[in-house]
Structures are given as structure tokens and as C-alpha cells.
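A quick write-up on the structure given underneath.
The values are calculated or read from the model by the stated rules, or taken from the named source; none is laboratory data. Note that the coordinates shown come from a computational prediction; the quantities given were computed from them, not determined experimentally. Using ideal geometry, Cβ is built from the backbone for each residue, glycine included, and neighbour counts are taken over all protein chains shown. Ligands, DNA and RNA are stripped out before the accessible areas are found, and what is left, the full protein with its side chains, is counted by its heavy atoms. Shrake-Rupley method; radii C 1.70, N 1.55, O 1.52, S 1.80 Å.
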Amino acid sequence: MGDTQVGREDEVSRALYDEHAGALLTYVQRLMHGDRQLAEDVVQETLLRAWQHAGQLPAEARRPWLFTTARHLIIDAYRARNARPAETSADVLGLAVDDEALDSALDAVLLIDALHALSAEHRSVLFDCYYRGNTAAQIAAARGLPPGTVRSRIHYALRALRLALEERGVSGT
């Protein structure tokens with residue numbers, strides 16, 4: 001590999017770190033329940049893999065790729081730890097988490113993180129509509145807004161949520 005190729009990959013690596021490391025660390029740390037050391041390890045491994053694939057990653061796909069890769073590394077680490085569990089007492093066995101519960105928990109954290117990226121108005125109409133089960137007319141009456149405004153907010157809130165999830169590596173398929 002020529003010096004110019006290595007230099008370009010180093011530039012991409014630095015740019016990835018500068019642009020995404022902070023947000024990625026925050027995201028991973030949330031998924032790791034605040035364990036900063038493990039989160040830093042996952043971020044480092046994620047950025048290493050991004051560097052290894054620097055020539056294959058288009059600029060617009062980097063952030064979703066980083067978040068998806070980090071999430072997969074967390075799941076892989078969890079599963080690896082559980083592949084050879086240490087001997088424990090019967091009391092601890094009752095606290096074991098299965099893969100479905102972990103996936104659900106990670107999905108919930110991911111959704112909460114994406115919801116925090118939305119405006120307060122968008123969050124509130126989504127909450128009223130999907131959590132409380134209110135119709136647009138009921139939300140409009142409760143908030144003193146025209147029903148059309150509420151329907152518009154729901155529409156744009158769903159689009160913003162979809163975009164926030166895509167930025168975190170969740171695909172619509």
C-alpha cells in the first residue's frame with residue numbers, strides 16, 4: 001500500500017473520530033449501563049473497523065454504519081460472555097437475562113435515544129397518539145390545537161423519528 005493511501009485512510013480515521021466519537025461514546029455508554037471503560041473499548045473497536053473499511057464506506061453511510069457496528073459489538077460481547085458462563089450460585093442463576101430480553105432492552109434504549117433527538121412538540125404528540133392511544137381529534141381538543149395541526153405534527157414527528165433511528169443504524173426493512 002502506498003504512502004498516499006495510508007495518509008488518506010489516516011485522514012478518514014481522524015475525521016471519523018472527530019465527527020462521531022463523542023456521540024458514539026454517549027450512545028454505547030447508555031447501552032452499557034454507564035460502564036465507560038467497556039464503552040470506550042467498543043468505540044475503539046468500532047473506529048478500528050471503520051478504519052479498516054475506510055475505502056468502502058461512503059461519507060453518508062458512515063454514521064449509521066458506526067452505530068450499527070457498535071450495537072453488534074455490544075451484542076457479540078454479551079453473547080460471548082454468556083457462552084462460557086462462570087460458575088455461580090443458584091441465587092445468581094435467577095437473574096440471568098436471555099438474548100430476547102437483551103435485544104428488547106437495547107431496542108428500548110435506542111428508541112429512547114432517538115426520541116430525545118425530537119422536538120418536545122413532536123415527542124408529545126407521538127406519546128399521546130401511540131402510548132396513550134388518543135386520536136388526533138382528542139389530542140387537538142386536549143392541547144387547544146386544530147386537528148390538522150396535530151395530524152401534521154404526527155406525520156412530521158414520525159419522519160423525524162425514522163431519520164433519528166436511521167442515524168443510529170436502524171433500517172426500515
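Residues that are under 15 Å from residue 72 (Cα atoms) and not in a helix (DSSP H, G or I) within the stretch 18-62 comprise just one, 32.
Between 53, 72, the distinction of being modelled with pLDDT under 85, within 21 Å of the chain's Cα centre (by Cα) and loosely packed, with under 15 Cβ neighbours inside 10 Å belongs to 53 only. Close Cβ contacts (under 6 Å, 6 or more residues apart or on different chains) running from residues in the stretch 157-173 that are modelled with pLDDT of 85 or more to residues that are open to solvent by less than 80 Å² (accessible area, probe 1.4 Å) and part of a loop (DSSP other than H, G, I, E, B) comprise 160/118; 164/117. Taking the criterion of being small (Gly, Ala, Ser), out of contact with any Lys or Arg (no Cβ under 6 Å at 6 or more places or on another chain), open to solvent by less than 70 Å² (accessible area, probe 1.4 Å) and closer than 27 Å to residue 108 by Cβ, the residues of the stretch 119-159 that qualify are 119, 120, 124, 133, 157.
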